[in-house]
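Read the structure below first, then the notes.
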Amino acid sequence: MAVVLDKSHRWRVIAAHLGLISFISLIMFPFLMILLISLRPGNFATGDLIPSQISLEHWKLALGMSYQGPDGQLVTPEFPVLLWLWNSIKIAAISGFIGLVLSTTCAYAFARMRFVFKAQLINSLLLMQMFPTVLALVAIYAIFDQIGNYVPWLGIDTHGGLILAYTGGIALHIWTIKGYFDTIPVEIEEAAKVDGATPFQAFRHVLLPMAVPILMVVFLLAFIQGIIEYPIASVLLKEQNQLTLAVGSKMFLYEQKYLWGDFAAAAILSGLPITVVFLLAQKWMISGLTAGGVKG
């Protein structure tokens, strides 16, 4: 049956497309500005919107390659950007995986088991998330300074210490996964147990496969947080070769010498691992975010 459309329908569609294009342009404009600054000769934050000359000098430095400057001198990379990027990926991936395992098991306990002070404990986790991380920086430094006296690889200026600090912030992840577990009927696990499965087998082979979308969402959120986090990393990491890219990039903007072009190239590099992980997990991300939005 043919659908008869109102004459104004076409204009509403055109207006909707124009609105969406304007909205996307507004979102993409800062990224394009950073990209153009990284391709502009010299280290200037301001200038022509479209550079008259394209230069790859900032990208060569970011990728660890030397280049010949306008005066004929060889310019060598001042900072190990690729090493910082690898440190960020390693710390974010390990802390995200450990945090996912801990938050999943904790969420299962809160969703399926009965124990005393259960409501108080889960509410206290939510309460702790309300305080900004920067309020605990002094305590975090003091704690890891003491831990380093007994376990050096978990102390100050170690990646193990930073990973341990990141895995402590899983309260919101527990709430997110618990909310998803609550929407899965417990009768499915009980049916598996009737067929002979142990509680762990029912958890491993029945519940977890059904919760893959929300687990991927939680891992991606933890991974992004590990890549972009600055306050804790800036307190715990000191040596230049130990820094993450978020902390190391600050060295491009020291007083009397602002290397905006180098900073822009490093900033775009920091977004690459997040983009790759998002593309790999896109299939589960869409269903996980949709389910989380509908089921709560």
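The values are calculated or read from the model by the stated rules, or taken from the named source; none is laboratory data. Worth saying up front: this structure is predicted, and the values here are computed from it rather than measured. No Cβ is skipped: glycine too gets one built from the backbone with ideal geometry, and neighbour counts run over all protein chains shown. Heads up: the accessible areas ignore ligands, DNA and RNA and are worked out on the full protein's heavy atoms, side chains in. Shrake-Rupley method; radii C 1.70, N 1.55, O 1.52, S 1.80 Å.
Of the residues making up the stretch 248-269, those that are open to solvent by 30 Å² or more (accessible area, probe 1.4 Å) and assigned to a helix (DSSP H, G or I) are LYS250, MET251, TRP260, PHE263, ALA267.
Could you list, in sequence order, the residues of the stretch 177-189 that are part of a helix (DSSP H, G or I), of a type in the set (A, V, I, L, M, F, W, C) and open to solvent by less than 40 Å² (accessible area, probe 1.4 Å)? Listed by number, the residues that qualify are ILE177, PHE181. Among the numbered conditions (1) under 23 Å from LEU164 (Cβ atoms); (2) under 14 Å from the mean Cα position of the chain (by Cα); (3) open to solvent by 70 Å² or more (accessible area, probe 1.4 Å), the only one that LEU245 does not meet is (3).
Listed here are the residues, each with its yes/no results for (1) in contact (Cβ under 8 Å) with a residue 60 or more places away in the chain; (2) over 24 Å from ALA246 (Cα atoms); (3) of a type in the set (Ser, Thr, Tyr); (4) not in a loop (DSSP other than H, G, I, E, B).
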{"position": "VAL13", "(1), (2), (3), (4)": "no, yes, no, yes"}
{"position": "PHE23", "(1), (2), (3), (4)": "no, yes, no, yes"}
{"position": "MET33", "(1), (2), (3), (4)": "no, no, no, yes"}
{"position": "ASN43", "(1), (2), (3), (4)": "yes, no, no, no"}
{"position": "SER52", "(1), (2), (3), (4)": "no, yes, yes, no"}
{"position": "ILE91", "(1), (2), (3), (4)": "yes, no, no, yes"}
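Taken over the stretch 75-89, the criterion of being of a type in the set (A, V, I, L, M, F, W, C) and either open to solvent by 30 Å² or more (accessible area, probe 1.4 Å) or part of a loop (DSSP other than H, G, I, E, B) (or both) is satisfied by VAL75, PHE79, LEU82, LEU83, TRP86, ILE89. Within the stretch 205-216, can one find any residue that is in a loop (DSSP other than H, G, I, E, B), on the phi < 0 side of the Ramachandran plot and surrounded by fewer than 19 Cβ atoms within 10 Å (Cβ to Cβ)? Looking for residues that are in a loop (DSSP other than H, G, I, E, B), on the phi < 0 side of the Ramachandran plot and surrounded by fewer than 19 Cβ atoms within 10 Å (Cβ to Cβ), one finds none in the stretch 205-216, hence no.
When ALA197 is tested against the conditions (1) in contact (Cβ under 8 Å) with a residue 40 or more places away in the chain; (2) more than 26 Å from SER270 (Cα to Cα); (3) not in a helix (DSSP H, G or I), the lone failure is (1).
Could we say that ILE21 is of a type in the set (Val, Ile, Thr), at pLDDT below 90 and open to solvent by 90 Å² or more (accessible area, probe 1.4 Å) here?
The answer is no for ILE21.
Of all residues assigned to the stretch 60-68, at least one qualifies as being part of a helix (DSSP H, G or I) and of a type outside the set (A, V, I, L, M, F, W, C). With a requirement of 3 or more residues that are open to solvent by 70 Å² or more (accessible area, probe 1.4 Å) and either more than 27 Å from GLN242 (Cα to Cα) or in contact with a Gly (Cβ under 8 Å, 6 or more places away or on another chain) (or both), the helices (runs of 4 or more DSSP H) lying completely within the stretch 94-176 that satisfy it span 118-128. A single entry from GLY47, GLY42, GLY72 fulfils the requirement of being loosely packed, with under 12 Cβ neighbours inside 10 Å, small (Gly, Ala, Ser) and modelled with pLDDT under 90: GLY72.
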